[in-house]
1. Report yes if some residue within the range 62-79 is of a type in the set (A, V, I, L, M), within 30 Å of Ala178 (Cα to Cα) and modelled with pLDDT of 80 or more; otherwise report no.
2. Given the criterion at pLDDT below 80, of a type in the set (Phe, Trp, Tyr) and out of contact with any Lys or Arg (no Cβ under 6 Å at 6 or more places or on another chain), identify the matching residue among Phe205, Phe170.
3. Out of all the residues in the range 125-137, is one or more touching a residue at least 40 places away in the same chain (Cβ under 8 Å), under 30 Å from Cys59 (Cβ atoms) and out of contact with any Lys or Arg (no Cβ under 9 Å at 6 or more places or on another chain)?
4. Within the range 206-216, can you find the residues that are under 16 Å from the mean Cα position of the chain (by Cα) and surrounded by 12 or more Cβ atoms within 10 Å (Cβ to Cβ)?
5. Being hydrophobic (A, V, I, L, M, F, W, C), touching a Cys at 6+ places or on another chain (Cβ under 7 Å) and surrounded by 15 or more Cβ atoms within 10 Å (Cβ to Cβ) narrows it down to one of Leu157, Leu142, Leu175, so name that one.
6. Counting only residues that are closer than 21 Å to Thr96 by Cβ and not in a loop (DSSP other than H, G, I, E, B), which one in the range 112-121 is modelled with the lowest pLDDT?
7. Restricting the search to the range 122-166, which residues are hydroxyl-bearing (Ser, Thr, Tyr), within 17 Å of Val30 (Cβ to Cβ) and not in a helix (DSSP H, G or I)?
8. Which residue, of Arg160, Arg232, is at pLDDT below 85, among the charged types (D, E, K, R) and touching a Gly at 6+ places or on another chain (Cβ under 8 Å)?
Amino acid sequence: MIRKGGSRGALRRRRGIRWPSPGSIFASAVVILCAAATVPLGSAGPTAWALVVAGCFLCTALGLLVVGLPNRAMPGERRRGAGLAVWLALGLLAWTYLQSVPWPAGVISRVVPGAAELYQKLLSPGESATIALDAAWARAVLGQWIAYGLLAWVCALGLRSRTSSQILVFGIAGLGAAQAFTAILSGGSAFGWYPTVAGTARGTFSSGNSLGGLLAMTMVLTAALILFVAVRL
């Protein structure tokens, strides 16, 4: 018989039920988002980009919901790091604003010397233009970086347990390994998802540059896991 004063958690432990922690749920959601971002959609246009950005915002909201808001009382080192992140974010906002506002051709030539000849050909004397060739796309990329930054911020503050960290590390490293094997097996065909480019390994991406960027980011985690296992053996 179970005592009336027994807690519900004790009852679950007796029955052998182990519910995942909030951090584990959030880490699993981040890994699923990263895997979903590599799913081929037949194109690399704005639709695929918008889905990834929306997924980042949804994962950020999930992280704040299940992990909770971070404690305001932060150590000195973490406070300085947060201040640096805020200044970098403000700098990114300011630079995006400068790119989206029309400027005279002379100002653009001084800010971007390499584009001086291009703007002289495109603009008439006294005509203004934006530094970014597409101001709307510059603002869209800003939204993309905001989504990435918020998700990274919640991950850094919320994934503190060993289990949640292992889920994230093993999941991201496994994603990189899967893409590497896919690129080796498919060669330049990308399994028919995209037009064939001979001699280019792309995995499930439309460009070899995207595959290279993913492998460059996951290679550090994979190497760290190999070294960790080697040391323990």
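The values are calculated or read from the model by the stated rules, or taken from the named source; none is laboratory data. Predicted, not measured: the structure shown is a model, and the values here were computed from it. Using ideal geometry, Cβ is built from the backbone for each residue, glycine included, and neighbour counts are taken over all protein chains shown.
1. Yes, the conditions are met somewhere in the range 62-79.
2. Phe205
3. Within the range 125-137 (the criterion being touching a residue at least 40 places away in the same chain (Cβ under 8 Å), under 30 Å from Cys59 (Cβ atoms) and out of contact with any Lys or Arg (no Cβ under 9 Å at 6 or more places or on another chain)), the answer is no, since none of the residues qualifies.
4. Of everything in the range 206-216, those that are under 16 Å from the mean Cα position of the chain (by Cα) and surrounded by 12 or more Cβ atoms within 10 Å (Cβ to Cβ) turn out to be Ser210, Leu211, Gly212, Gly213, Leu214, Leu215.
5. None of the others qualify; the one that does is Leu175.
6. Ala115
7. Result: Ser161, single match.
8. Testing whether each residue is at pLDDT below 85, among the charged types (D, E, K, R) and touching a Gly at 6+ places or on another chain (Cβ under 8 Å) leaves just Arg160.
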